[in-house]
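Some notes on the structure that comes next.
The values are calculated or read from the model by the stated rules, or taken from the named source; none is laboratory data. None of these values were measured; they are calculated from a predicted model. Using ideal geometry, Cβ is built from the backbone for each residue, glycine included, and neighbour counts are taken over all protein chains shown.
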Amino acid sequence: HTDAEGTLGLHFPENFGWGAATSAYQIEGAAKEDGRGESIWDTFSRTPGRTRGGDNGDVAADHYHRYLADLDLMRDLGLRSYRFSISWPRIQADGRGAPNQRGLDFYRRLVDGLHDRGIAPMATLYHWDLPQALQDAGGWENRDTAHRFAEYADAVFNALGTAVPTWLTVNEPKTVVQNGYLIGHHAPGHQDPDAAYLVAHHLMLAHGLAVQALRATGDDTRIGPALNLHPCYPVDDSPAATAAARLYDGYENRLYLDPVFTGSYPADVLADLGPGSRMVQGIRDGDLKIISAPVDLLAVQYYTPIYVTGTGGTERRWPTSEASWQQIYPDGMYDILTRVTRDYGPVPITVTENGLPTPDTLSDAGTVDDTGRIAFLRDHLAAAHRAVASGVPLESYHVWSLMDNFEWEVGYDQRWGLIYVDYPTQRRVLKSSAHWYRRVIAANGL
Ligand code: PNW
């Protein structure tokens, strides 16, 4: 090991897509402008007790107004790829009907600005901000929402077309299932296991229908799912822990990977849910064919491993970050990238999120010292490099996040950015990790 600023002598493939990621509700603000409708995150975060300090995304990092300055910061970092999401309620205020031109225009300006700066746009169609009107009609429990999503996707494809070379369908369907419908600490805040897995199926159906819609345009652009994957390890080599870790892996990973890449849901998970479950009852003939339409790439988001006990519980092995759910384990990056390539590949892979929250503060000298983030990113990139060396077709990597933003239920307390946002003034300051990342990009390696 070398120190955080040391050089490891690791070179990445030529044209590697060094990037950073954000999502619409977390950075844009401008919640009531240009015809934007309400999303379930507006409703959720305005409900007392749902988010830390009552924080919401009304202003966030005010990116909707400051996107030009933010684009210049991306250029200064040397980014080659920028992953952002499109806000569905900016495009269709009520989740259906004619698209709102002013909403489309914002993303057109953003995408043009990226091209002007030599940065490849990568757009996520759904990063959790469902139009509230569709929630009122049942949300993702209602199969029709998947069809509404395909219509919305089609409107976006028609407006932005080939200006966006890479599309991602649904961000982390698993987080919607688990946080939105099992734990309930994300919108819409339900705790209903039977509903949760029906939601999983409808999110996967939405993914497949969006792939279909893109193919119908005839555009020569690429599309894939964005899955957060957790390597699940048994705590020991007992048969009980091994079996429990396998089923855990089914719920964390295979439930979302298998339908896309193999055309069927994992049998052990379906058996565990039971034939009478709403999910199993909700799968119709032809659905799996839609969901398994060939994709062009797999977007992997890696944050943490999970250690599973013989009774299906979990244990902590490694230091956690400010995010209680995150254990810092860089080898998990290697394990998950090689595993998806072995089990589902070969398919081009992009890492669309990887990052760490740190207790960043702005010094009197105007600097932000986040060496913990540098060490985290360095170690995870080194693990990704090992995966590339073992044959994983990894084409790009995106830090979560480009800038500090609204971190869902914990609001503005947790800072995940390379760029510090001083919320009272909306001033941006490059953290030491941003300066470090700029050098990594310039050197094309560590
Ligand atoms: C992702 N987990 O969410 C999201 O895509 C981002 O919007 C979010 O800001 C980022 O990670 C940081 O939290 C996750 O429990 C939520 O392992 C939960 C987990 C992982 C990612």
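The residues of region 42-70 that are among the hydrophobic types (A, V, I, L, M, F, W, C) and more than 16 Å from the ligand (Cβ to nearest atom), listed by number, are V59, L68, A69. For the residues A226, A200, A243, the requirement of being more than 16 Å from the ligand (Cβ to nearest atom) and of a type in the set (G, A, S) singles out A243.
For (1) in contact with an Asp or Glu (Cβ under 7 Å, 6 or more places away or on another chain); (2) without any contact (Cβ under 8 Å) to a residue 60 or more places away in the chain; (3) within 21 Å of V170 (Cβ to Cβ); (4) charged (D, E, K, R), each residue gets a yes or a no:
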position: G35; (1), (2), (3), (4): no, no, no, no
position: T43; (1), (2), (3), (4): no, no, yes, no
position: T51; (1), (2), (3), (4): yes, no, no, no
position: A60; (1), (2), (3), (4): yes, no, no, no
position: D70; (1), (2), (3), (4): no, no, no, yes
position: M74; (1), (2), (3), (4): no, no, no, no
position: S81; (1), (2), (3), (4): no, no, yes, no
position: I86; (1), (2), (3), (4): no, no, yes, no
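Only residues that are under 16 Å from Q178 (Cα atoms) and assigned to a loop (DSSP other than H, G, I, E, B) were counted in region 246-291, giving 0. Could you tell me whether V176 is within 16 Å of the ligand (Cβ to nearest atom) and either assigned to a loop (DSSP other than H, G, I, E, B) or among the β-branched types (V, I, T) (or both)? Criteria met by V176.
Filtered by the rule that a residue be touching a helix residue (DSSP H, G or I) at 6+ places or on another chain (Cβ under 8 Å) and assigned to a strand (DSSP E or B), region 81-114 gives Y82, F84, S85. Take the conditions (1) among the hydrophobic types (A, V, I, L, M, F, W, C); (2) more than 15 Å from the ligand (Cβ to nearest atom); (3) under 21 Å from R66 (Cα atoms); (4) in contact with a helix residue (DSSP H, G or I) (Cβ under 7 Å, 6 or more places away or on another chain); V429 misses just one of them, which is (4). Residues that are within 20 Å of the chain's Cα centre (by Cα) and either in a loop (DSSP other than H, G, I, E, B) or more than 16 Å from the ligand (Cβ to nearest atom) (or both) within region 3-41 comprise F16, G17, W18, T22, S23, E28, G29, listed in sequence order.
The set of residues from region 347-373 being within 16 Å of the ligand (Cβ to nearest atom) and either in contact (Cβ under 8 Å) with a residue 60 or more places away in the chain or more than 14 Å from the chain's Cα centre (by Cα) (or both) comprises T350, T352, E353, G355, L356, P357, T358, P359, D360, D370, G372, R373.
G53 passes every criterion in (1) among the small types (G, A, S); (2) modelled with pLDDT of 95 or more; (3) farther than 24 Å from Y181 by Cβ; (4) outside any helix (DSSP H, G or I) apart from (4).
Rundown of residues vs (1) within 15 Å of the ligand (Cβ to nearest atom); (2) more than 17 Å from the chain's Cα centre (by Cα); (3) under 16 Å from T7 (Cα atoms), yes/no style:
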{"site": "F376", "(1), (2), (3)": "yes, yes, yes"}
{"site": "V392", "(1), (2), (3)": "no, yes, no"}
{"site": "M403", "(1), (2), (3)": "yes, no, no"}
{"site": "D413", "(1), (2), (3)": "yes, yes, no"}
{"site": "H435", "(1), (2), (3)": "no, yes, yes"}
{"site": "L446", "(1), (2), (3)": "no, yes, yes"}
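The numbered conditions (1) buried (at least 17 other Cβ atoms within 10 Å of the Cβ); (2) out of contact with any Pro (no Cβ under 8 Å at 6 or more places or on another chain); (3) over 25 Å from V410 (Cα atoms) are all true for N354 except (3). Scanning region 57-77 for residues that are assigned to a loop (DSSP other than H, G, I, E, B) and surrounded by 21 or more Cβ atoms within 10 Å (Cβ to Cβ) yields a total of 3.
Report yes if some residue within region 189-210 is under 16 Å from A293 (Cβ atoms), in contact with a strand residue (DSSP E or B) (Cβ under 9 Å, 6 or more places away or on another chain), crowded, with 20+ Cβ neighbours inside 10 Å and not hydrophobic (A, V, I, L, M, F, W, C); otherwise report no. Checking region 189-210: at least one residue is under 16 Å from A293 (Cβ atoms), in contact with a strand residue (DSSP E or B) (Cβ under 9 Å, 6 or more places away or on another chain), crowded, with 20+ Cβ neighbours inside 10 Å and not hydrophobic (A, V, I, L, M, F, W, C). Of the residues Y303, Y344, Y329, the single one that is within 16 Å of the ligand (Cβ to nearest atom) and touching a Ser or Thr at 6+ places or on another chain (Cβ under 8 Å) is Y329.
Entry remark, region 78-104: residues being of a type outside the set (F, W, Y) and buried (at least 23 other Cβ atoms within 10 Å of the Cβ) number 12 in total.
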